[in-house]
Amino acid sequence: MPRLTLDAYFPGRAGAKRLGGRLQTALLGAGLAPPGRLRLRSVGPGRWVEKWQRTLRPMVIGTFLVVPEGCGVPARRSGRHTLRVRFGQAFGTGEHASTRICLRLLQRHLAVGQRVADLGAGSGILAMAARRLGAGRVVAIDTDRVALSVARLNLKDNGLSGLIELVCADASEAARYGPFDLLLVNIGAATIGRIIPAIHAALAPGGHAILAGILVDDEVDLMRAARRHRFALVDRRRSRPWSALVLRRSGPERRGTSRAS
């Protein structure tokens, strides 16, 4: 019989007896009847965040050098664009494959002077990268005010304060701030599928959207929804199990809009 191991972390004040009962109920509700009593083990504080931070190093991602908080900038940068990224309650430090894929596709598909929006901006790393590559107007949109506060600090650290607009709004409202030539949407397949009409509305004719945070297994369903809204697939990059798609909105090509290579 296969063995299932579940690691779960809860505050110590929850109490072992009460916590065990809740876990038992949750497992039964999920159709997983635990064989016998649950074994609970107390784990003391270990300064886990500090330990993780000490493992981080500057990352070379295409033409970018992503420097996590607490790391020094190497003397030799080989002409790369430096992006300093603070930690905080915001996604986007450059470690996750979806962020790295987005950065590489951004280098390929962004043209100088284009209007760009980063939907679900998190730390603002993609918006900052777009500005470093020569984008014109850049808007970073997120519903999380904490994430936007982290992004604001990152802009300051990178000398980009005032050069990127920070907007607290849902990604589905992007059209209110557009139109845009390029959208960066690294927020997961389920959310992207929901806002495909809004992505279409926010893009100028011929504009592109880089969609990421997608599992390879989700590509088919997402492309089916995208084609219903007259999007065409022009590029794709994978780092299994993650994938990123570049879609082009149908319509006449506008001057200054990048073409897929």
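Could you pull the Cα extents of the range 95-249 along its three principal axes, largest to smallest, in whole Å?
Dimensions of the range 95-249 along the principal axes of its Cα atoms: 40, 31, 28 Å.
Any idea how far apart Leu28 and Ser161 come out in nm if each label point goes 7 Å out from Cα toward Cβ?
The answer from the label model is 5.7 nm.
How compact and how long is the chain, expressed as Rg and Dmax of its alpha-carbon atoms in Å?
When restricted to the Cα atoms of the chain, Rg and Dmax are 21.2, 68 Å.
With unit charges on the beta carbon (Lys/Arg positive, Asp/Glu negative), name the residue among Ala244, Pro45, Leu19 whose Cα is farthest towards the positive pole of the charge dipole of the chain.
Towards the positive end, the residue furthest out is Pro45.
Under a Cβ-only charge scheme (Lys and Arg +1, Asp and Glu -1), can you give me the dipole magnitude of the chain about the Cα centre, in debye to the nearest 20?
Dipole about the Cα centre, nearest 20: 580 debye.
How much length is gained if the chain between Lys17 and Val146 is pulled fully straight, taking 0.36 nm per residue apart and subtracting their Cα-Cα distance, in nm to one decimal?
Using 0.36 nm per residue and subtracting the Cα-Cα distance, I get 43.0 nm.
R0 = 30 Å: FRET efficiency of Glu69 with Val234, Cβ-based, nearest 0.05?
0.30
Among Pro58, Gly193, Met128, whose Cα sits farthest toward the positive end of the charge dipole of the chain (+1 at Cβ of Lys/Arg, -1 at Cβ of Asp/Glu, about the Cα centre)?
Pro58
Read-outs throughout are calculated quantities, based only on the coordinates presented, and are distinct from any laboratory measurement. Bear in mind that the values here come from a model prediction, so they are computed numbers and not experimental data. All Cβ positions, even for glycine, are placed from backbone atoms using ideal geometry, and neighbour counts span all protein chains on display.
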